[in-house]
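Here's the structure we're looking at; comments come further down.
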Amino acid sequence: MKKIIFLVLILLSIPYFTFGQEKKKAIYFYSTTCAHCKNVDDFFTKNKIYEECDIKKIETSGPYNIDQLNKLFDAFGVIPEKRGSPVIFFEDRMLIGDKPIINNFVKEIESVEAKEYPTEELIKIALVQKNKEESSKTRVTVSWPVLIGAALVDAINPCAFAVLILLIATVIAAKGKKEALYSGLAFSATIFVSYLLMGLGIYKAVGAFNLPQIFSIIIGSIAILIGLANLKDVFWYGKVFIMEVPLSWRPKMQSILKKVTSPLGAVGAGLLVSLFLLPCTSGPYVVVLGLLAEKENFGKAFPMLILYNFIFILPMLAITIGMYFGVRMKKLEELRQKNLRLLHAIAGVIMLFIGVYLISSWL
């Protein structure tokens, strides 16, 4: 019985060893009067390359053969002065001259599938795909300094501080410090989740397009504009516009926050206030989301989004805990008002750096 099983296994493995090792295909153009071609032929014969690869040999003397050779040269964009033999074509590769072929053919053929003999059409398709892959490798990825820098701009935004200070002050007055602690944590967690979900939606929407260079330049330009707008607030605060919650929106936002007296209410307030915060906090977030959508797959983008939003709510958590342990609300508000211009200056410089960095990476 064991002998029969062994025989069956051998019979089943025959097709694999017979047909499974498909030879790689290439087209080799040569001339019978060319000494360099003879060097290549001797090399292929000595190293049994003709046996290991399915190489179609074509002598260049015939008019049809020359026409076929020129079509392959055209596909690679080789100018007439650089054309000649020996030359070998396979997949999206071409090697001209005896030394390049002898030194590189074995290594190059092993790095590609080469399942078909190359034609003008197949070469063009392969080169287009190769250029796309090289473009995706050379474009700048979302570096951690860019991500953390943008998150810090969001985190130090003065209007986010104002919102939380008002919320916790309201809850402390109504229910005490313990309830205020829970409310602050619930509010921060809600902001984290809502911004993460909004970010994922924008990431998916932007990812539907594939314009890496154009998009990076656009995103870089937006980052520069946000930076300049923040620097405007350093020198001309309140003029024309401010990079915070619009003044006309603030009464409505404050009326929502003053009604919060519990952690559950803080959750609802967090969802509503996140909409008010968007105008003054969405700039850096949109920049990062655009970069992630164009440059990173979801597996890498998702943890980066989690880190971004965690950095974003860190000051909220710090304010919540600080007020629980006795930091006076009035002192925090005075500190916020005193450092408004400094916060805008830091945000402006970081966003300018990010914008210049993104644009210069394509120049």
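Scanning the range 108-124 for residues that are surrounded by fewer than 22 Cβ atoms within 10 Å (Cβ to Cβ) and either charged (D, E, K, R) or not in a helix (DSSP H, G or I) (or both) returns 108, 110, 111, 112, 113, 115, 116, 117, 119, 120, 121, 124.
Taken together, the residues in the range 303-321 that are at pLDDT 85 or above, among the β-branched types (Val, Ile, Thr) and farther than 14 Å from residue 146 by Cα amount to 3.
Looking only at residues in the range 55-75 that are surrounded by fewer than 17 Cβ atoms within 10 Å (Cβ to Cβ) and touching a residue at least 40 places away in the same chain (Cβ under 8 Å), the one that is nearest to the chain's Cα centre (by Cα) is 74. Taken over the range 83-107, the criterion of being touching a residue at least 60 places away in the same chain (Cβ under 8 Å), β-branched (Val, Ile, Thr) and buried (at least 20 other Cβ atoms within 10 Å of the Cβ) is satisfied by 88, 101. Considered as a group, the residues in the range 15-37 that are loosely packed, with under 10 Cβ neighbours inside 10 Å and hydrophobic (A, V, I, L, M, F, W, C) include one that is modelled with the highest pLDDT, and that residue is 35.
The values are calculated or read from the model by the stated rules, or taken from the named source; none is laboratory data. These numbers were taken from a predicted model, which means no experiment stands behind them. When we count neighbours, we look across all protein chains shown, and the Cβ atoms used for this are built from the backbone with ideal geometry, even at glycine.
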